[in-house]
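The values are calculated or read from the model by the stated rules, or taken from the named source; none is laboratory data. It should be emphasised that the depicted structure is a prediction, and the values quoted were computed from it without experimental measurement. Cβ placement follows ideal geometry from the backbone for every residue including glycine, while neighbour counts extend to all protein chains displayed.
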Amino acid sequence: MRLIGIYIAWLLDVLGLKRLSRAWFAKLAGPEHPPYVVYVAAKAFISQGEIEKAKSLLAGSMMRRPSVRCGRLLMHLFIRSREYDRALEVAATLCEKSPQSPWPYLLLGDVYNFFLGCKEDAYQSYLRALEIARSGSSGVNPLKVAYKRICLLLKEQGNEDQLVEYLSEFLKLQASNFHDNEFVLLTRGLMRQGRTDEAKEVLSLGVKAYPRSGPLRELWETLGFGRKEELPPMPVRGKAPPSSVRLVPVRTRLFLEGEDPVQAMQDYVRDVAPGDIATLSSCVAGLMEGRIFMEGAVEPGFLARTLSRFVDQKNVPFGGAAPMSNPLSMQVLLEEIGSLRTLVAAFAGGLGKILGKKGWFYVIGGKDAGQIDDVLGSLPPYDYYVIMGPEDPCGLARRIASALGCEAAIVDANDLGVAWAVGYSDGVDPRWLEQVMSTNPAGNQEQQTPIVLVRKVPEIEASEPR
């Protein structure tokens, strides 16, 4: 009977009846069941605040049927409770169980690096991941992540020659996580080695890849390659806010899973004024809530691989592709809203494309479909995760507003001049805010400014030159 119940719950899950399926899985799942069943049941326990029950189920599953999916969720719970050594033990177990996969070694290195501060152990783990990734059996993404990690540590060590070597290899991948600061580092490193022509070529490529980057343009002039005014003009992104509005990006520490978004906002937003709107990146809010799906932990199925092929596959050098063109992102959506709803959304999207109408896929798919951030789109250590927006963005915005004493919003913005207020407190005009935030003041690279304060200024102050 228990097995029949599991199959019924699975059917409900496919149909998108998620509340029912999760309740059934939580009631019936045992450590002997498939990793997906255990994972969903554990997530249900977590949402109910039954953390110890979730830990027990996941730990039992790791003993009976070890998987990266369940292991990563167990690690998330240990990270939330700051039991970093126990998270490390789980990561080490995953490495033992999957010695030819680079992902567990990247995960192990990240625990050493970002949570325990053991840089040398992290470096060795990343080198092992790179060695495996170079075999090519796991695709190109592990290479991109491993190079990123190794270059970050070499920079910290001040190992300039090796940094240039690895950055040069990293550059060849034309990866979307090779940002303008990597172009700056490589250019300066080549100049120190007397390789001026190569440095100029790299910097020229960087200006083309990131035409809005001020540091790259400044460096062009500083190194004597020419006047920055002679470079192609910066492209316009979005609509500039009116003079009566100031956008104040707030630089923060690196936010991690398990942190409280409301407390994070309280830590950095102070001295609010009447009319202020405190905004938080949707991606960062979802990350703190633990809505993260690691590559190598979630295996895209046939349906995800098939549907993702119908999404625009254009892959811009240093810019990446549409999130839903990645089978992993599509698999995450299938698991979050159900296969039936995703199929209907895909059909609507295809029909809309024939009729010249955009966005029908997202109308049917809902907020979860629109808030998916693809791998390589976030800062380390979360750049090999698909990240979804917060579970209840409007509720979160209201809690932030209550804590800060000003209006608040959760915003998803990109470098294409598009912003979406996915959640907001009662006094916010979402359409107005989306126009104001369309220049993406938080940035999409390594600015580390996920909080932006939108401030209305008096007319006299607004008339002064900025």
Inter-residue pairs, beta-carbon under 7 Å, first assigned by TED's automatic domain parsing to the domain that holds Leu254 and over 14 Å from Lys456 (Cα atoms) and in segment 270-290, second surrounded by 23 or more Cβ atoms within 10 Å (Cβ to Cβ) and among the charged types (D, E, K, R), 6+ apart:
Ser282/Asp412; Cys283/Asp373
Could you give me the residue pairs with C-beta distances under 6 Å whose first residue belongs to segment 101-119 and is under 16 Å from Gly71 (Cβ atoms), whose second residue is crowded, with 19+ Cβ neighbours inside 10 Å and among the hydroxyl-bearing types (Ser, Thr, Tyr) wherever it lies, and which are 6+ apart or on separate chains?
Tyr105/Ser125; Leu108/Ser125; Gly109/Ser125; Gly109/Tyr126
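Quickly run through segment 242-260 and pick out the residues that are farther than 18 Å from Val454 by Cα and of a type outside the set (Gly, Ala, Ser).
Within segment 242-260, the subset farther than 18 Å from Val454 by Cα is 253-260.
Matches in segment 242-260: Arg253, Leu254, Phe255, Leu256, Glu257, Glu259, Asp260.
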Scan segment 38-70 residue by residue and report those that are of a type in the set (A, V, I, L, M, F, W, C) and either in contact with an Asp or Glu (Cβ under 9 Å, 6 or more places away or on another chain) or buried (at least 22 other Cβ atoms within 10 Å of the Cβ) (or both).
Val38, Val40, Ala41, Ala42, Ala44, Phe45, Ala54, Leu57, Leu58, Val68, Cys70
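Do any helices (runs of 4 or more DSSP H) entirely within segment 55-134 hold 2 or more residues that are out of contact with any Ser or Thr (no Cβ under 9 Å at 6 or more places or on another chain), and if so, which? Talk me through it step by step, then tell me what you get.
Numbers: elements: 68-80, 84-97, 102-110, 119-133.
Fully inside segment 55-134 and qualifying: 68-80, 84-97, 119-133.
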Specify which of the listed residues (Arg80, Arg65, Arg19) is more than 28 Å from the chain's Cα centre (by Cα), of a type outside the set (A, V, I, L, M) and more than 16 Å from Met294 (Cα to Cα).
Arg65
Would you mind finding the one in Val184, Val236, Val262 that is under 27 Å from the mean Cα position of the chain (by Cα), in a helix (DSSP H, G or I) and farther than 26 Å from Arg149 by Cβ?
Val262
Single condition Thr252 does not satisfy, out of (1) surrounded by 15 or more Cβ atoms within 10 Å (Cβ to Cβ); (2) of a type outside the set (Lys, Arg); (3) in contact with a Lys or Arg (Cβ under 9 Å, 6 or more places away or on another chain); (4) part of a loop (DSSP other than H, G, I, E, B):
(3)
What are the residues in segment 417-434 that are within 21 Å of the chain's Cα centre (by Cα) and either farther than 14 Å from Ala401 by Cα or at pLDDT below 95 (or both), if any?
Gly417, Val418, Ala419, Trp420, Ala421, Val422, Glu434
Of all residues in segment 135-171 being on the phi < 0 side of the Ramachandran plot and part of a loop (DSSP other than H, G, I, E, B), which is nearest to the chain's Cα centre (by Cα)?
Val140
Which of the residues spanning segment 49-61 are within 17 Å of Ser81 (Cβ to Cβ) and not hydroxyl-bearing (Ser, Thr, Tyr)?
Gly49, Glu50, Ile51, Glu52, Lys53, Ala54, Lys55, Leu57, Leu58, Ala59
So in segment 66-97, with the set limited to residues that are out of contact with any Phe, Trp or Tyr (no Cβ under 8 Å at 6 or more places or on another chain) and among the basic types (Lys, Arg), which one is farthest from His33 (Cα to Cα)?
Arg82
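Among the helices (runs of 4 or more DSSP H) contained in segment 288-367, which hold 3 or more residues that are under 30 Å from Ile79 (Cβ atoms)? Steps first, answer last, please.
Working: elements: 302-308, 327-337, 339-354, 360-365.
Helices (runs of 4 or more DSSP H) meeting the threshold: 327-337.
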